[in-house]
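Every number here is computed from the coordinates shown, using simple stated rules; none is lab data. Every value quoted in this text rests on a predicted model; they were computed, and no experiment measured them. Quick reminder, even Gly has a Cβ in these numbers, built from the backbone with ideal geometry, and neighbours come from all protein chains shown.
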């Protein structure tokens, strides 16, 4: 991830991007048992990351309490990224996020 972003000369919140990738991969493994693909594309302006898995359904951020030990993954991605979404694929689903370069680091509840 870091190398792909570095090679593309994307200058954004790399720590936030790595955290978001980690959350999507963790969700895929926890809910489907495996990740089929992680794809990172970037240029100077935009980072786009996709994770593909064989799961069905449409994941949504959860509203969990402060004592919950899980359930914050998509809320973190939504807070840190500029856009995120889910689309069906021929083998399950793809969850993706985008982050613009030059954007200030996230400062909300889940800032990296």
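Considering only the range 60-78, state which residues are out of contact with any helix residue (DSSP H, G or I) (no Cβ under 6 Å at 6 or more places or on another chain) and surrounded by 12 or more Cβ atoms within 10 Å (Cβ to Cβ). Step through it out loud before you land on a result.
As a first pass, look at the range 60-78 and keep what is out of contact with any helix residue (DSSP H, G or I) (no Cβ under 6 Å at 6 or more places or on another chain): 60, 62-72, 74-75, 78.
Residues satisfying the conditions are 62, 64, 71, 72, 74, 75, 78.
Confirm whether residue 56 is surrounded by 17 or more Cβ atoms within 10 Å (Cβ to Cβ) and over 11 Å from the mean Cα position of the chain (by Cα). Please lay out each step first, then the result.
Working: surrounded by 17 or more Cβ atoms within 10 Å (Cβ to Cβ): no; over 11 Å from the mean Cα position of the chain (by Cα): yes.
Taking the combined requirement at face value, the residue does not satisfy it.
Consider residue 44 carefully, then state whether it is more than 12 Å from the chain's Cα centre (by Cα), surrounded by fewer than 12 Cβ atoms within 10 Å (Cβ to Cβ) and closer than 14 Å to residue 98 by Cα.
On the way: more than 12 Å from the chain's Cα centre (by Cα): yes; surrounded by fewer than 12 Cβ atoms within 10 Å (Cβ to Cβ): yes; closer than 14 Å to residue 98 by Cα: yes.
For residue 44, the condition - more than 12 Å from the chain's Cα centre (by Cα), surrounded by fewer than 12 Cβ atoms within 10 Å (Cβ to Cβ) and closer than 14 Å to residue 98 by Cα - is met.
Could you look through the range 1-31, keep only residues that are free of Cβ contacts under 8 Å to residues at least 60 places away in the same chain and part of a loop (DSSP other than H, G, I, E, B), and pick out the one that is farthest from residue 88 (Cα to Cα)?
If we take residues in the range 1-31 being free of Cβ contacts under 8 Å to residues at least 60 places away in the same chain and part of a loop (DSSP other than H, G, I, E, B), then 9 is farthest from residue 88 (Cα to Cα).
Go through the range 79-93 and give me each residue that's in contact with a strand residue (DSSP E or B) (Cβ under 8 Å, 6 or more places away or on another chain) and buried (at least 18 other Cβ atoms within 10 Å of the Cβ).
Once the filter is applied, which keeps residues that are in contact with a strand residue (DSSP E or B) (Cβ under 8 Å, 6 or more places away or on another chain) and buried (at least 18 other Cβ atoms within 10 Å of the Cβ), the range 79-93 yields 80, 81, 84, 93.
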